1. Determine whether B:Leu12 is surrounded by 11 or more Cβ atoms within 10 Å (Cβ to Cβ) and touching a Phe, Trp or Tyr at 6+ places or on another chain (Cβ under 9 Å).
2. Residue by residue through the stretch A:133-163, note down the ones that are under 24 Å from A:Asn49 (Cβ atoms), more than 14 Å from chain B (Cβ to nearest Cβ) and surrounded by 13 or more Cβ atoms within 10 Å (Cβ to Cβ).
3. I'd like to verify a number: residues in the stretch B:117-129 that are in contact (Cβ under 8 Å) with a residue 24 or more places away in the chain and within 15 Å of B:Lys151 (Cβ to Cβ), how many?
4. Condition test on A:Phe69, is it farther than 22 Å from A:Leu127 by Cβ and aromatic (Phe, Trp, Tyr)?
5. Pick from A:Lys74, A:Lys82, A:Lys53, A:Lys113: which is in contact (Cβ under 8 Å) with a residue 12 or more places away in the chain, surrounded by fewer than 17 Cβ atoms within 10 Å (Cβ to Cβ), in contact with a Ser or Thr (Cβ under 7 Å, 6 or more places away or on another chain) and charged (D, E, K, R)?
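The values are calculated or read from the model by the stated rules, or taken from the named source; none is laboratory data. Computed from a prediction, not measured in an experiment: that's the story for all the values here. Cβ atoms come from the backbone with ideal geometry, glycine included; neighbour counts cover every protein chain shown.
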Amino acid sequence: MINNRWFCEPNSIREPYCFLILYKKKKANIQQITGWRIGYGNIEKIIINKKSKGKDEIHIIKKLLKELFYCRKKKILIITDKEDNFSILRTRIAALNIKEANLTNIVHISLEKWITNYFKYNDDNNLQSWCKFLSIKTDDVETGLIKNIFQRIAPLIPRGELL
Amino acid sequence: MRSNLIRVNIILTKEQHQRFKNYAKRYHGSLSQFLRLAAENEIDNQEDANSFYFRPMIENQEKIIKSLNVIAQQIKKIERIPSSIQDLKSFNNQSIASEIEHILLMTESPLSVPDIMEFLTYSQEEIIEGIEWLLDRCLITQIKRINAPSKYKLRGDTNE
């Protein structure tokens, strides 16, 4: 025992989850990706936060692809807010002809899908509304909010969704 | 010169040549005969000396070589284990996790890692990985204690 901490405790800085939020902007009827924010962590806390924002969409997506590859390599489950995040990402990758991109092995869960499928909720589908619905404080960064919502609803979701 | 012999040139100083020649004439008949014998004796003596003085060292060396060969074979075997060891590990975590879950369900009371280790034969590290797997999937909750290892109970279990 060192500093009253026992060795036989779980690793508190493990990163089984990647909480991802995509910043999008509609320009000439096309959804463009203007940035992203990622929080790696577990159900209790976020360990590392990463973000990218700017005008160069290709550069932003390439940086995101690097993080997604890391998730694939480390078998980290990606949790996003919106159901259409990955379809928008796929569309932009294809439209911008970003070579070397691969999303075939990416496993992700969207809070939107869980909330609409498993809860009686008919309000706006955005983080702030969900937090209000679940009585969660909104004074955290977006990835923190995703983590807090996930922490609140994950134990109520059928087991197969998380395995 | 006979067909089974080979001619070699040996470079000597004048003094050496004279000295060897005199000695050879006296005891061996010819310089060639003397030098052949001298070379043979030198090799034989050296081999004898080696086998006598260095025998323990040579034996040790042979043992080390054998051990190294065994290690090399073992390494080759390990390399043959599926490269997707990560997959294997996560599968293993899942199976240990389900065993831990079963124990928590059967005992109906919160258990710490040492408690769980009394039921399962896995290492502490493996049990902790199983617990992490269950915690990440919200299947168990951690009861933190001061100066004692945490206990774990199934989420939804109201027994304390």
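1. In short, yes.
2. A:Leu134, A:Ile136, A:Thr138, A:Asp140, A:Val141, A:Glu142, A:Thr143, A:Gly144, A:Leu145, A:Ile146
3. Total meeting the criteria: 1.
4. So A:Phe69 fits the description; yes.
5. Testing whether each residue is in contact (Cβ under 8 Å) with a residue 12 or more places away in the chain, surrounded by fewer than 17 Cβ atoms within 10 Å (Cβ to Cβ), in contact with a Ser or Thr (Cβ under 7 Å, 6 or more places away or on another chain) and charged (D, E, K, R) leaves just A:Lys53.
Per-residue answers, yes or no, for (1) more than 32 Å from the chain's Cα centre (by Cα); (2) at pLDDT below 85; (3) assigned to a helix (DSSP H, G or I):
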position: B:Val70; (1), (2), (3): no, no, yes
position: B:Lys76; (1), (2), (3): no, yes, yes
position: B:Leu88; (1), (2), (3): no, yes, yes
position: B:Asn92; (1), (2), (3): no, yes, yes
position: B:Ser95; (1), (2), (3): no, no, yes
position: B:Pro114; (1), (2), (3): yes, no, yes
position: B:Met117; (1), (2), (3): no, no, yes
